[in-house]
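The values are calculated or read from the model by the stated rules, or taken from the named source; none is laboratory data. As the structure is a prediction and not an experimental result, all values here were calculated from the model. All Cβ positions, even for glycine, are placed from backbone atoms using ideal geometry, and neighbour counts span all protein chains on display. Ligands, DNA and RNA are stripped out before the accessible areas are found, and what is left, the full protein with its side chains, is counted by its heavy atoms. Shrake-Rupley method; radii C 1.70, N 1.55, O 1.52, S 1.80 Å.
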Amino acid sequence: MFKILITEPIPEKPISFLEEIGEVTVAPKGTYDTEEALISHIHAYDALLCMLSTPVTRNVLEAGKKLKIVANFAVGYDNIDIKAAQELNIKTANTPDVLTEACGDYAMGLLLALSRKLKEAENYLREGKFSGWEPLGFLGMELRDRTLGIIGMGRIGQAFAHRARAFGMNIIYLNRNRIEQTTEKELNAEFVEDLKELVSRSDVLSLNCPLTEETHHLIDEEILELMPNHALLVNISRGAVIDEEALAEALHDQKIAGAALDVFENEPQVHPKLLTAPNTLLLPHIASATYKTRDAIGMLAAEAIEGVLKGKPDSDIPNLIRR
Ligand code: DGY
């Protein structure tokens, strides 16, 4: 009988699905947040269903003597050493597509909350400071005719762009490759090849790229300097795409007007200077957190495990990571 490890509680549906094909262990949250914990137990398992916070390093994969597949409960997979997995003949899977709409909604929600200072205004009211309507209170940025610069125009970047178009924003983007002409036309989006140009033209800068060696600390002090003073930054990709120290300084010095951050470099820790930065929304990595999406993420990861354990050809498992 196959043994399957799920590193923390997930929705019931994928667990029941996996119980049909093997013995499933669901670990309590936090059990497998370290490499050491995984290394001591992974030898017993045929399949690992892990979180974006699970460090699936080369050492872990080498210790997984029976391991046939690692399925990430996430679309991003910077926590997995994909090269080592390929060398060790262990398949890997992620969960593209199913979280696109939830993340698109969420990015738009963050932008609306940030541009209209909703958090600060609500705090003001709760603190008993609301003394009546005021013409100069909580003035924010109106989105129509503003430019949204998107770094990473994959599925989620495009989902955000569609929503922003509906709010009358102009879209410019930077991506490894230019997107399809039809999509570009539909979004009236302009491909900008130069990061510095994109950043200096953006009223709102959105990060929707994967974390790779090239994107690590892509948004650093030099890039932040190029953002207009009124500009807002939205990040739902990975925290380490930003140099958080530099961002915190830029926010405190009001070199940019605000940031909405769903992700952090050292989750669950948040850079202490971000905690005190003005007009900054800090959220606990919840972009894909809807009932529907989390069920779908779990099922996609579980189906990849089923496919590999049952020996299906790779071509029948669409969400295997092929690089
Ligand atoms: C993912 O799946 O990579 C996202 O970070 C979830 O919000």
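Descriptive notes on the structure:
- Filter result (within 23 Å of M299 (Cα to Cα) and more than 16 Å from the ligand (Cβ to nearest atom)) within segment 65-85: K66, L67, K68, I69, D81, A85
- Residue match in segment 40-47 (condition: in contact with a Leu (Cβ under 7 Å, 6 or more places away or on another chain), within 30 Å of V234 (Cα to Cα), among the β-branched types (V, I, T) and outside the structural domain of R238 (by TED's automatic domain parsing)): no
- Looking only at segment 29-64, and only at residues there that are assigned to a loop (DSSP other than H, G, I, E, B) and within 22 Å of K312 (Cα to Cα), the one that is farthest from the ligand (Cβ to nearest atom): D46
- Filter pass, E267 being in a helix (DSSP H, G or I) and open to solvent by 40 Å² or more (accessible area, probe 1.4 Å): no
- Evaluated against (1) open to solvent by 20 Å² or more (accessible area, probe 1.4 Å); (2) more than 30 Å from T147 (Cα to Cα); (3) not aliphatic (A, V, I, L, M), G64 falls short on exactly one condition, (1).
- Selected residue [touching a His at 6+ places or on another chain (Cβ under 7 Å) and either part of a loop (DSSP other than H, G, I, E, B) or not assigned by TED's automatic domain parsing to the domain that holds L18 (or both)] from A287, A277, A250: A277
- Contacts under 7 angstrom Cβ, first residue in segment 210-233 being on the phi > 0 side of the Ramachandran plot, partner among the acidic types (D, E), 6 or more apart: H217/D243
- The set of residues in segment 86-103 being under 20 Å from P313 (Cβ atoms), touching a residue at least 40 places away in the same chain (Cβ under 8 Å) and more than 8 Å from the ligand (Cβ to nearest atom) consists of Q86, K91, T92, A93, P96.
- Exclusive hit being at pLDDT 95 or above, among the aliphatic types (A, V, I, L, M) and in the same structural domain as L67 (by TED's automatic domain parsing), set L118, L112, L88: L88
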